[in-house]
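Okay, so here's the structure we're looking at.
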Amino acid sequence: IRLVDRDNRSLNEVSELAQAGVRVLGRRHVESFLLDDEVLESLCEKTGNSDKKNVVLEAKTSALKNSKARGNPSDDLKSAAGELYVEVTRLLSLAQGGNTTEAFLRDTLAPLVEPGMKTYLELKQDIFGS
């Protein structure tokens, strides 16, 4: 299965890709799924920090705001991911959650996307069409 980020693709571009057998994410990029509120809340729960859900979500809002101030689209979580990674790691006192943003997304957040979650179901639909 070939899968690409939605990015700024027009409906025509998405349609052309679909006709060529390429799946297109429904959101801007995969980071939009991995940094979804639902996943961040799950991280708080799994690390024993349920009481910090609101502060983590505020950090996400702040990182997006700062990204937008740098000229990025308001939904560009990829450009906000580095700042958010640093803040979440600090706020939750995470150890061994990944030494880079990419490792954090892959090794810490991706495993939290589980069957039954809205995020999981949306990704499954985007990738497999079912």
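The values are calculated or read from the model by the stated rules, or taken from the named source; none is laboratory data. Keep in mind that this is a model prediction, so the values were computed, not measured. Positions of Cβ are backbone-derived with ideal geometry, glycine not excepted, and every protein chain shown enters the neighbour counts. Quick note on the areas: whole protein, heavy atoms, side chains included, nothing else; ligands and nucleic acids left out. Shrake-Rupley method; radii C 1.70, N 1.55, O 1.52, S 1.80 Å.
For the chain, a simple Cβ point-charge model (Lys and Arg +1, Asp and Glu -1, everything else neutral) yields a dipole of about 140 debye relative to the Cα centre. Between 0 and 90 degrees, the angle of helix 53-69 with respect to the longest Cα principal axis of the chain falls at about 60 degrees. Taking 7 Å steps out from each Cα toward its Cβ at Glu38 and Val86 produces label points 3.0 nm apart. Eigen-decomposition of the gyration tensor built on the alpha-carbon atoms of the stretch 68-130 gives equivalent ellipsoid semi-axes of 23, 18, 9 angstrom, largest listed first.
Hey, in the GNM for the chain with a 10 angstrom Cα cutoff, which one of Lys78, Lys46, Lys68 fluctuates hardest? Result for the chain, Cα springs under 10 Å: Lys46 fluctuates most. For Ser50, the accessible area of its heavy atoms, probed at 1.4 Å with every protein chain present, is near 60 square angstrom.
Of all the options Asn72, Asn99, Asn54, the one that moves most in a Gaussian network model of the chain with Cα springs shorter than 10 angstrom is Asn99. Per-residue ellipticity at 222 nm from helix content only, as computed over the chain with -39500 (n - 2.57) for each DSSP H run of at least four residues, stands at -15500 deg cm²/dmol.
Quick check: at a probe of 1.4 Å, how many percent of the accessible area of the chain sits on carbon and sulfur atoms?
Result for the chain: 49 percent of the exposed heavy-atom area is carbon or sulfur.
Quickly rank 56-65, 14-23 as a protection proxy: mean count of other C-beta atoms within 10 Å, highest first. Intermediate values should be presented prior to the final figure.
Working: 56-65: 16.6, 14-23: 12.4.
Ranked from most to least packed, the peptides come out as 56-65, 14-23.
Remark: the chain carries 57 Å² of accessible area per residue (probe radius 1.4 Å; ligands, DNA and RNA excluded). With respect to the chain, whose longest principal axis is taken over its alpha-carbon atoms, helix 37-46 is tilted by about 40°.
Computed from the Cα positions only, the extents of the stretch 9-130 along the three principal axes stand at 46, 35, 24 Å, in decreasing order.
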